[in-house]
1. Determine the percent antiparallel among the DSSP beta bridges restricted to the chain, to the nearest 5.
2. Sorted from fewest to most neighbouring beta carbons within 10 Å, what does the list 38, 95, 81, 46 look like?
3. Within 10 Å of each residue's Cβ, count the other Cβ atoms and sort 84, 72 from fewest upward.
4. Based only on Cα atoms, what mean projected area does the convex hull of the chain have, in nm²?
5. On full extension of the chain, what length is gained from residue 48 through residue 26, given 0.36 nm per residue of separation minus the C-alpha to C-alpha distance?
6. Suppose the chain between residue 12 and residue 82 were pulled fully straight at 0.36 nm per residue; how much longer would it get relative to their current alpha carbon spacing?
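Readers should treat all values here as calculations from the given coordinates under stated rules, not as data from a laboratory. Small disclaimer: the values here were computed from a predicted structure and weren't measured. In this analysis, Cβ positions are derived from the backbone assuming ideal geometry, glycine residues included, and neighbour counts consider all displayed protein chains.
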């Protein structure tokens, strides 16, 4: 099952600081902690069997879009988020 053929249903759960998608019954997540006006992206997780499908990238992009709309800055504590922002310069202005 390709994520291109079946778009991800990414859900924002602000009460627990998470963007998540359930893919093939497995939870994929991008966790954050809101610290004033800074979104500290702490963890991105995709089960091994789902890796390589762009799921983590989609979760991070959704989180960054949300941060931008809210007027927040982002602290990419998670190494995946740090690399994603480095590879996608259109998000670098968000870095705290």
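1. On the way: 16 of 21 bridges.
Of those bridges, close to 75 percent are antiparallel.
2. Numbers: 38 16, 95 12, 81 26, 46 23.
Going from least to most buried by this count: 95, 38, 46, 81.
3. Details: 84 22, 72 19.
The fewest-first ordering by Cβ neighbours comes to 72, 84.
4. Details: hull surface 24.0 nm².
That works out to 6.0 nm², a quarter of the Cα hull's surface.
5. Working: separation 22, 0.36 × 22 = 7.92 nm, distance 1.03 nm.
This chain segment gains 6.9 nm when fully extended.
6. Values: separation 70, 0.36 × 70 = 25.20 nm, distance 2.03 nm.
Between residue 12 and residue 82, full extension yields an extra 23.2 nm.
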